[in-house]
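Chemist: Handing you a structure now.
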Amino acid sequence: MDIKFNTEKKARAFVAQIDRILLSDFPHKASESALNLVRQFFEDQLARITRAGASNDRALLERTCTTTNQRIFEYLPILGFLLRSTNTRNSFEAYYAFVEIAQALIGSGANVIFSSEWDFSPLTYPMNVGVLPEYVLLGMPSSESPNALVLPLAGHELGHSVWRNEQLENKFAPLAQDEARAYLKANWSNFIHAFPEHSHVQSTDEELSNNLFLNFVVSNIMQIALSQMEEIFCDGVGACLFRQSYALAFHYLLAPSLGGARATEYPTMQNRANFIATLGGVDLTKHGFADYKSEFSDLIIRMPPREKFTPDGADAIGVKLAPLMYSEAQTIVMSKAGKFAAEQSAQPGILNKFAKGLPAREPRSLPDIVNAGWAYFQSEAPTFQENERELVEWISELILKSIEVLEFRSRTKNA
Amino acid sequence: MHRRWERCKPCVITADAEQVHNRDYIMTNHHISRATRDLAVEQSLDAAIEIDEIIRGERSDSPHLTQLVTSLIGTGRDVGSARKELLANPQFSSLYHRASMLAGQEDRSPDENDILSLLFLIDKAGLSQFPPDKLAIVRDFCLGLNRELVSESYSRVPEPAMARSRHPRLALAYGH
């Protein structure tokens with residue numbers, strides 16, 4: 001069959017899959033409304049295929065079919081995410097608390113979809129998804145779904161939505177561009193070593209503006225640097241919101257490493273750990289880490305110069321601009337969601353309750369509860385008798401019950 | 001290696017371009033964000049479909065081309081300086097020239113390759129003022145843009161706190 005027939009068939013199958021998922025019971029309306037938006041997006045794809053099919057231009061039809069194929073490829077995992085958001089494995093107790101934080105940070109229209117994912121690392125889907133601009137998709141690893149101590153890592157994923165909502169890519173792009181050009185000029189001999197076929201080119205401002213290959217290199221360095229800056233900013237959001245519990249959850253899940261080489265769009269783990277420890281506003285030596293950074297390791301792969309040049313540039317820019325990213329995160333979080341950010345003075349009262357086996361009575365925010373949970377966990381871990389129940393299970397129950405108290409208090413206050 | 005990677009030759013402003021010298025263009029920010037690039041996947045395709053329909057005499061305008069030009073180029077300032085600034089922007093310049101590389105375009109004259117000026121002209125005068133061969137150039141450019149943006153979207157993955165390596169290798173890009 002021809003590509004038009006096949007692509008229509010695949011798009012209709014995708015829509016039919018959405019219709020089946022829509023028959024599910026949804027604990028929160030956001031998943032259902034997101035599915036309907038995705039459904040409309042694919043109905044529009046079908047209309048495009050029909051219009052392109054009426055043309056004599058083969059390239060037009062091919063591009064239309066390729067676009068639909070790519071969107072199916074891109075959105076099928078998101079359908080899975082939306083389906084899994086209905087699963088009872090999720091920590092639904094924390095849902096409302098995250099909605100409150102997301103709406104404070106992003107706006108009252110923000111929708112949160114929480115899911116336990118079959119992916120070890122917490123994740124969000126790229127918030128460039130034009131179909132779901134006001135949705136925050138928070139995926140936590142299913143194996144850790146009973147563990148409330150890892151909830152702070154959702155702060156990083158929230159950061160991606162803040163980055164988009166505040167249009168920080170646009171804000172910092174000129175700076176990243178200047179830094180990329182400066183890096184190229186300052187490392188010109190390395191560039192020529194990596195790309196000897198361009199040895200006749202001079203590193204003048206005119207060449208940097210007019211030479212297309214140099215433009216391509218600068219654009220690549222800038223793009224990867226912006227990705228790193230976004231990741232650093234997201235760590236800043238997590239650290240500013242949750243303070244020490246972000247660092248502790250980050251360490252729990254990711255230290256010493258996951259074994260492979262990092263994506264170059266991310267800073268090295270040691271750099272990220274260093275930023276959290278030095279820019280995150282918490283003295284981690286008081287939380288059991290004499291040298292937090294050294295808890296993490298990176299697999300260093302020797303790359304040929306032409307593959308290494310671009311990520312090296314992005315790494316240098318990421319390190320240079322990390323303080324600015326943390327400062328930006330701090331400013332945004334404190335101005336928009338300061339009342340939810342962790343407060344050290346709020347922790348002892350909650351910790352006292354936990355020590356008595358009770359949930360918090362008048363918790364102020366989710367981060368305060370989780371911080372007290374981590375304090376309890378760290379103090380009890382050496383002696384806790386796990387014959388009857390595990391410590392993580394016990395403290396998670398106390399944390400989640402406290403978050404329910406928080407929700408009750410917030411709802412009754414807002415009622 | 002294709003010579004266009006070597007140097008971006010000064011683009012030729014055609015006589016028609018002088019008609020738009022008074023038109024102003026505003027570019028609040030040259031950077032095309034990831035969100036804008038993602039939206040432009042369908043915008044560029046819709047613009048190509050609409051232009052194709054104009055060529056076939058089925059319509060006379062392309063609202064999606066207007067949206068696309070606004071998203072990628074901006075509106076309202078002096079054409080000459082806007083053009084210069086856009087081509088000096090590495091991100092725009094890289095995307096623009098990659099999008100221009102559709103099969104067969106290597107044989108076109110410098111004037112025909114100056115799609116940016118053509119876009120400025122179209123934005124000013126409207127699509128109905130242009131013959132089918134010029135419209136076909138813009139349609140093909142939109143398809144080239146769609147190709148580049150879909151390619152980027154394809155390599156995009158969920159954003160975990162930690163990710164495996166996934167970035168395209170510069171050394172292998174376009175066979176260079």
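The values are calculated or read from the model by the stated rules, or taken from the named source; none is laboratory data. Owing to the predicted nature of the structure, the values given are computational and were not obtained by experimental measurement. Backbone-built Cβ (ideal geometry, glycine too); neighbour counts: all protein chains shown.
Chemist: On the basis of being in contact with a helix residue (DSSP H, G or I) (Cβ under 9 Å, 6 or more places away or on another chain), more than 10 Å from chain B (Cβ to nearest Cβ), of a type in the set (Gly, Ala, Ser) and under 17 Å from B:Ala35 (Cα atoms), does A:Ala97 make the cut? Even if it seems obvious, please write down each step before you answer.
Modeler: Details: in contact with a helix residue (DSSP H, G or I) (Cβ under 9 Å, 6 or more places away or on another chain): yes; more than 10 Å from chain B (Cβ to nearest Cβ): yes; of a type in the set (Gly, Ala, Ser): yes; under 17 Å from B:Ala35 (Cα atoms): no.
No; evaluated as a whole, the condition is false for this residue.
Chemist: To continue, here is another question. Return the only residue of A:Lys401, A:Lys336 being outside any loop (DSSP other than H, G, I, E, B), at pLDDT 95 or above, touching a helix residue (DSSP H, G or I) at 6+ places or on another chain (Cβ under 7 Å) and among the basic types (Lys, Arg). I'd like the intermediate steps shown before the answer.
Modeler: Details: A:Lys401 fails: touching a helix residue (DSSP H, G or I) at 6+ places or on another chain (Cβ under 7 Å).
Sole residue among the options that is outside any loop (DSSP other than H, G, I, E, B), at pLDDT 95 or above, touching a helix residue (DSSP H, G or I) at 6+ places or on another chain (Cβ under 7 Å) and among the basic types (Lys, Arg): A:Lys336.
Chemist: OK, next. Within the stretch A:296-314, is even one residue within 27 Å of A:Ala148 (Cβ to Cβ), surrounded by 16 or more Cβ atoms within 10 Å (Cβ to Cβ), in contact (Cβ under 8 Å) with a residue 24 or more places away in the chain and among the hydroxyl-bearing types (Ser, Thr, Tyr)?
Modeler: The initial filter retains those residues of the stretch A:296-314 that are within 27 Å of A:Ala148 (Cβ to Cβ), namely A:296.
Still in the list and also surrounded by 16 or more Cβ atoms within 10 Å (Cβ to Cβ): A:296.
From what's left, in contact (Cβ under 8 Å) with a residue 24 or more places away in the chain: A:296.
Filter once more, so that each one left must be among the hydroxyl-bearing types (Ser, Thr, Tyr): none.
Scanning the stretch A:296-314, I find no residue that is within 27 Å of A:Ala148 (Cβ to Cβ), surrounded by 16 or more Cβ atoms within 10 Å (Cβ to Cβ), in contact (Cβ under 8 Å) with a residue 24 or more places away in the chain and among the hydroxyl-bearing types (Ser, Thr, Tyr), so the answer is no.
Chemist: Next question. Only residues that are within 10 Å of chain B (Cβ to nearest Cβ) and touching a residue at least 12 places away in the same chain (Cβ under 8 Å): list them for the stretch A:35-48, please.
Modeler: Listed by number, the residues that qualify are A:Phe41, A:Gln45, A:Arg48.
Chemist: Tell me which helices (runs of 4 or more DSSP H) are completely within the stretch A:149-253 and hold 2 or more residues being within 12 Å of chain B (Cβ to nearest Cβ) and either surrounded by 22 or more Cβ atoms within 10 Å (Cβ to Cβ) or touching a residue at least 24 places away in the same chain (Cβ under 8 Å) (or both), or say none if there are none.
Modeler: Values: elements: A:154-165, A:168-186, A:188-194, A:205-210, A:212-242.
Helices (runs of 4 or more DSSP H) meeting the threshold: A:154-165, A:168-186, A:188-194, A:212-242.
Chemist: May I ask you to verify whether A:Thr86 is within 11 Å of chain B (Cβ to nearest Cβ) and polar (S, T, N, Q)? Break it down stepwise before answering.
Modeler: On the way: within 11 Å of chain B (Cβ to nearest Cβ): no; polar (S, T, N, Q): yes.
No, not satisfied.
Chemist: Condition test on B:Asn89, is it polar (S, T, N, Q), farther than 27 Å from B:Pro131 by Cβ and either touching a Lys or Arg at 6+ places or on another chain (Cβ under 8 Å) or modelled with pLDDT under 80 (or both)?
Modeler: Details: polar (S, T, N, Q): yes; farther than 27 Å from B:Pro131 by Cβ: yes; either touching a Lys or Arg at 6+ places or on another chain (Cβ under 8 Å) or modelled with pLDDT under 80 (or both): no.
Judged against the criteria, B:Asn89 is not a match.
Chemist: Still on this model: Among the numbered conditions (1) modelled with pLDDT of 85 or more; (2) within 30 Å of A:Ala255 (Cβ to Cβ); (3) buried (at least 23 other Cβ atoms within 10 Å of the Cβ), tell me where A:Thr124 comes up short.
Modeler: For A:Thr124, the failing item is (1).
Chemist: Now for a different question. State yes or no: is A:Leu132 within 14 Å of chain B (Cβ to nearest Cβ) and within 14 Å of the chain's Cα centre (by Cα)?
Modeler: Numbers: within 14 Å of chain B (Cβ to nearest Cβ): yes; within 14 Å of the chain's Cα centre (by Cα): no.
When the stated conditions are applied, A:Leu132 does not pass them.
Chemist: Before we move on, is A:Ile369 within 30 Å of A:Ala182 (Cα to Cα), out of contact with any strand residue (DSSP E or B) (no Cβ under 9 Å at 6 or more places or on another chain) and either assigned to a helix (DSSP H, G or I) or of a type outside the set (S, T, N, Q) (or both)? Step through it out loud before you land on a result.
Modeler: Working: within 30 Å of A:Ala182 (Cα to Cα): no; out of contact with any strand residue (DSSP E or B) (no Cβ under 9 Å at 6 or more places or on another chain): yes; either assigned to a helix (DSSP H, G or I) or of a type outside the set (S, T, N, Q) (or both): yes.
So A:Ile369 does not fit the description; no.
Chemist: Hey, another quick one. With the condition kept exactly as written, say whether any residue in the stretch A:259-267 is part of a helix (DSSP H, G or I) and either surrounded by 19 or more Cβ atoms within 10 Å (Cβ to Cβ) or at positive phi (or both). Please lay out each step first, then the result.
Modeler: The first filter runs over the stretch A:259-267 and keeps only residues part of a helix (DSSP H, G or I), leaving none.
Taking every residue of the stretch A:259-267 in turn, none turns out to be part of a helix (DSSP H, G or I) and either surrounded by 19 or more Cβ atoms within 10 Å (Cβ to Cβ) or at positive phi (or both).
Chemist: Residues being surrounded by fewer than 24 Cβ atoms within 10 Å (Cβ to Cβ) and in a helix (DSSP H, G or I): count how many of those fall in the stretch A:137-148.
Modeler: Residues of the stretch A:137-148 surrounded by fewer than 24 Cβ atoms within 10 Å (Cβ to Cβ): A:141-147.
Cutting the leftovers down to in a helix (DSSP H, G or I) gives us A:142-144.
Residues meeting the conditions: 3.
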